[in-house]
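Colleague: Structure provided below as structure tokens; questions to follow.
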Amino acid sequence: MTCWKGRPRRGPAGGVPAGGAADLEVTRRSAAGNTKNGAATRGERGVRASQLSFSFVIESWAACAPGVDTPQRWAQWVSAPWLPEGEPQVALAAVAPMLRRRFSPLGRLAAQAAIDLAGSAALEADADLDDQPTVYASRYGETSRCLELLGEQARGNPLSPTAFGLSVHNAIGAMIALTRGDRRNSSAIAAGRATAAAGIAEALGLLEDGASSATLIVYDAPLPANYAQFEDEPSAHFAFAWKLRRPRAGERALHLEWRAAEGEAAAAQPHLPSSLQALWFGLSDARELSQVVGARRCTWSRDA
């Protein structure tokens, strides 16, 4: 299976063209004038203190999912999204065999999206190691590996240190960094159905700290059969990567706002997991996507 990558065009919104690149850059809303406890907000950076709100631009993207592996298929998916089905078959040909065999199917998806976004398997020799951090966001992570370890423990067998090391939540990110020779800052997060939105919040926080851009890699897979009863939304194998930055003056931007849900229902794509809903919104020309997670509402929007 091959991933697809794209770079947003500069110009008016119009959905995903035949080439598969989405028009993702849409003018940020000024947050100037909002205050909390008498303190002025940092509206110039797109973050409001009165309610958590971010403005950002997706500079380029890459995505992987079973059966959605060409520009035309991604364009079709955005026009009428469906839940990807089947097991991922990712060759990960750019990675050395000794490293490649340590990746799980989920790890291969995430690594391929990361490599496709970057354009190469190795980090550039002159890369700035103090800039362009990466955020890895997965609701479940390596759940299958964790379940296997629990089974070994229940049977009284000793646990493999290597298997344990590859099961922790930042393992996929660490393997991708090792593969690419990337020593830059990275973090791994999980936030239930709000995982993609939390990834945006983490990435935008890093931009606030001075990074020129940040990479967000979102990936997940269905829970193994023994955990299937805990699924509370549709599930699929997928991974996508976005290169994010702050909007420039006069530039169209995307926005993400968190606030109290106040008993409201979500207006979303109910047949998709929440993270794939976020991908759909990012690649489409939809004006708004609303996701309710517990007592909080995440509202994704774009400028006209």
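We did not get these values from a lab; they are worked out from the coordinates using the rules stated. Note that this is a predicted model, so its numbers are computed, not measured. So basically every Cβ, Gly included, is an ideal-geometry build from the backbone, and we count neighbours across all protein chains shown.
Colleague: Where nothing but the Cβ of Lys and Arg (+1) and of Asp and Glu (-1) is charged, how large is the charge dipole of the stretch 171-232 around its Cα centre, in debye to the nearest 20?
Modeller: On the way: 4 positive and 7 negative charges, 52 e Å.
With Lys and Arg at +1 and Asp and Glu at -1, about 260 debye.
Colleague: With a cut-off of at most 12 other beta carbons within 10 Å, and DSSP calling the residue loop, which trypsin sites (Lys or Arg not before Pro) in the stretch 56-109 qualify? Please list them.
Modeller: Passing both the DSSP loop test and the Cβ count: R101.
Colleague: Only sites in a loop by DSSP and with at most 14 other Cβ atoms within 10 Å count here; which GluC sites (Glu not before Pro) in the stretch 144-248 make the cut?
Modeller: Counting only loop positions with at most 14 other Cβ atoms within 10 Å, the GluC sites (Glu not before Pro) in the stretch 144-248 are E231.
Colleague: Run the simple label-point estimate for R73 and H169 please: 7 Å along Cα→C-beta, distance reported in nm.
Modeller: Between R73 and H169, the simple spin-label model gives 3.1 nm.
Colleague: To check you understand DSSP bridge types, tell me what percent of the beta bridges within the stretch 110-246 (both residues inside) are antiparallel, rounded to 5. Working shown, then result.
Modeller: Working: 7 of 15 bridges.
DSSP beta bridges in the stretch 110-246 are roughly 45 percent antiparallel.
Colleague: Within the stretch 169-271, report the trypsin sites (Lys or Arg not before Pro) that DSSP leaves as loop and that have at most 12 other Cβ atoms within 10 Å.
Modeller: R183, R248
Colleague: Once R0 is set to 41 Å, what does the formula 1/(1 + (r/R0)^6) return for the Cβ-Cβ distance between A91 and L52, expressed as a FRET efficiency to the nearest 0.05?
Modeller: 0.55
Colleague: Right, next: Looking at the calculated P(r) for the stretch 46-179, what percent of the C-alpha pair distances fall above 25 Å?
Modeller: Tail fraction, whole percent: 42.
Colleague: Okay, next question. According to the Kirkwood expression over distinct Cα-Cα pairs, how big is the hydrodynamic radius of the stretch 108-250, in Å? Walk me through the intermediate numbers first.
Modeller: On the way: mean 1/r = 0.0612 Å⁻¹.
For the stretch 108-250, inverting the mean 1/r across all distinct Cα pairs yields 16.3 Å.
Colleague: Compute the semi-axes of the equivalent ellipsoid of the stretch 209-304, taking the square root of 5 times each eigenvalue of the Cα gyration tensor, and list them largest first in whole Å.
Modeller: 26, 18, 13
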